Structures are given as structure tokens and as C-alpha cells.
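J.: Please read through the structure below; I'll follow up with questions.
The numbers here are math on the coordinates, done by the rules we state, and not lab data. Note that this is a predicted model, so its numbers are computed, not measured. Don't worry about glycine lacking a Cβ; one is built from the backbone with ideal geometry, like all the others, and counts go over all protein chains shown.
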Amino acid sequence: MVKKKTAGQQILEHTAGKEMDDATPHELSQEMLEPSFDASINEWIREACGLYDNDFFIVLNLKLERSLQNAPHLIPETRQTCPDPFYDQSVWHFHREEERLEFLWVVPDIGTTKLFYDDPLNCPTDQLELRKHVLDFMDGTLQKRANKLNEVILRSKNGRKKQSRGIA
């Protein structure tokens, strides 16, 4: 009997020898500013408005697809509670009454976080905001902010019971 190759093995063979995407966190964040990204955010908001009666959060987690030579893949999620900050994560808060989207934070990968935390003064000027998020993540400021937002949510118990929903 001939053993079939898995899809992952086939993809690795197909992409062997091809250039990897060496995008920096800054380049990836710039991609998020493109019109197609805005359209995606608006679609996630529309879907979440159908699920939740109150404020909600949009979370983007960056995953590297090993089978595609670590090609970046954004995984969106909407939820009623603010997530704990973590690496490779961007979070927005949608204020339902005002119909306003507020960017809360972005935490880059572990390597970039360590680089900015270990040497915060040696940071390119176009990445100062990212450095601030890194420092706030490392000193617990982002966690405190998430906890405070969740306390407010717990006090207003008018939302639907469903807490989280991934979006494909």
C-alpha cells in the first residue's frame, strides 16, 4: 500500500526553495490600514451587531502557518469581554451606543516585544506608538485596562449570554 502525503507535506514541498515573507510587524500593521482591511473590520462589526446588544470587542490574532513557511494569517474574533493582552494580538472596542470603534492595543510577536522592551530608546520614530503598547503590555498597564473594561461589562448585564465567536 502506498502511503499518501499529508496536505502539509505537499505544501512544504511545493513552497520549498521559494522566498519567505519576511514582513516586519510594522509592514504587517500597514497592511491592516489598507481599504480591504477596513472592509473586513466593517463586516465583522456588522456581524457582531447582529449577535450582541451592547459593546463588544474585535480581536485579531496573528498566527504563522507552519505549513506555509510561516506565512502570517490573521484570525479575527468578536467577543463581549475584553481579552487578556497577549503576543501577536490587536484589539478594538466597539462602543454600541455611539457606533464608534476605538483601537485599544497591539502587541507584536515575542521577539519584537523583547527588542522594544530591552532597548526602548533604540526605536525607529515610526514605531513609537508600537513601543508604547509593548511597554504597557510588559508593565501590566494593558492587563489593568482589560480588567477595568471587563468590570464595567459585568456591571451592565444586558448583553446576550454568548461570550465569544470566531469569524471565518
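J.: Order these by the 10 Å Cβ neighbour count, fewest first: Ser90, Ser156.
T.: Ser156, Ser90
J.: If the only charges are +1 at each Lys and Arg Cβ and -1 at each Asp and Glu Cβ, what is the size of the charge dipole of the range 24-158 around the Cα centre, to the nearest 20 debye?
T.: Here the size comes out at about 480 debye.
J.: Could you tally the net charge around His95, taking each other residue with its Cβ under 9 Å from the Cβ of His95, Lys/Arg +1 and Asp/Glu -1?
T.: -3
J.: Name the residue from Gln143, Tyr117, Val106 whose Cα lies farthest towards the positive end of the charge dipole of the range 24-158, charges +1 on Cβ of Lys and Arg and -1 on Cβ of Asp and Glu.
T.: Gln143
J.: Still on this structure, please answer the following. Taking 0.36 nm per intervening residue step and subtracting the Cα-Cα distance, what contour gain separates Arg46 from Leu154 on full extension?
T.: Using 0.36 nm per residue and subtracting the Cα-Cα distance, I get 36.5 nm.
J.: Right, another one. Fully extended, how many nm does the chain gain between Leu64 and Glu99 (0.36 nm per residue separation, minus their Cα-Cα distance)?
T.: 9.4 nm
J.: Please go through the range 63-162 and write out the GluC sites (Glu not before Pro) that DSSP classes as loop and that have at most 11 other C-beta atoms within 10 Å.
T.: Glu97, Glu98, Glu99
J.: Across the range 24-158, how many lysine pairs separated by 8 or more positions, or lying on different chains, have Cα atoms within less than 20 Å?
T.: 5
J.: On full extension of the chain, what length is gained from Leu121 through Gln143, given 0.36 nm per residue of separation minus the C-alpha to C-alpha distance?
T.: The Leu121-Gln143 span can extend by a further 5.6 nm.
J.: Can you find, among Gln127, Leu51, Ile75, the residue farthest towards the positive end of the dipole of the range 24-158? Put +1 on the C-beta of Lys and Arg, -1 on that of Asp and Glu.
T.: Highest projection toward the positive end goes to Leu51.
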